[in-house]
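Working notes for the structure below.
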Amino acid sequence: MTDIRKFLSNVEKAKKIDRQNNSGNYDYNRIADNLRRLFNNATSCPTELPDTLFGYWQDTYILASQNITEEPSEENLNKLAAILAFLDNSDELQEVLTEEDWKEIGELVNDEAEDLPIDILQDLMKILVEKGAY
């Protein structure tokens, strides 16, 4: 199971390093690739699904932000952590995801279902049904 606190700590470290290397100025665009790697490495889900869900999160919450240089906000980072927990069959932070998030996550899981190991797919589908994604 994923240690969400460790993931969140690693993200904060990446943000801190970016500030240190850029005269105290932070910009999400400079850490986006590193954040994607941290997310993908933090999950045990063995397919492209983590990258797909990261893309959904980034498009929905970060790139749509009024102030991308301040992202990810704590609220948006918690959404990413909830997606990470979902991928690893944990209910941590899942209350921060909206009904729309669950429906979109359900569609993305459906799109990748044939590539997922059956046990992982069953775990994900169980959560999605509980959350009303279908």
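The values are calculated or read from the model by the stated rules, or taken from the named source; none is laboratory data. These figures come from a predicted structure and were not determined experimentally. With ideal geometry, Cβ positions are generated from the backbone for all residues, glycine too; neighbour counts draw on all protein chains shown. What goes into the accessible areas is simple: the full protein's heavy atoms, side chains included, and nothing from ligands, DNA or RNA. Shrake-Rupley method; radii C 1.70, N 1.55, O 1.52, S 1.80 Å.
Cα atoms only, segment 1-41: Rg and Dmax in Å?
In order Rg, Dmax, the Cα atoms of segment 1-41 give 10.7, 37 Å.
Based on the mean of other Cβ atoms within 10 Å per residue, sort peptides 66-73, 122-129 so the most packed one is first.
Going from most to least packed, we get 122-129, 66-73.
If I model a spin label as a point 7 Å beyond the Cα along the Cα-Cβ vector, how far apart are those points for residue 66 and residue 29 in nm?
2.0
Looking at the chain, do any whole DSSP H helices span at least 15 angstrom along their long axis by alpha carbon and average -0.5 or above on Kyte-Doolittle, and which?
74-87, 118-130
Mind checking the per residue accessible area of segment 2-52 for me, 1.4 Å probe, whole number of Å²?
59
Return the carbon/sulfur percentage of the accessible area of segment 20-94, one whole number, probe 1.4 Å, all protein chains in place.
Heavy-atom surface of segment 20-94 belonging to carbon and sulfur, 1.4 Å probe: 38 percent.
Rounded to the nearest 500, what is the 222 nm mean residue ellipticity of the chain from helices alone, with -39500 (n - 2.57) per DSSP H run of 4+ residues and division by all residues?
Taken over the chain, the calculation gives -20000 deg cm²/dmol.
Do the alpha carbons of any pairs in 15/103; 15/79; 15/126; 13/126; 15/131 sit beyond 28 Å of each other, and which pairs?
Pairs exceeding the cut-off: 15/103; 15/126; 13/126; 15/131.
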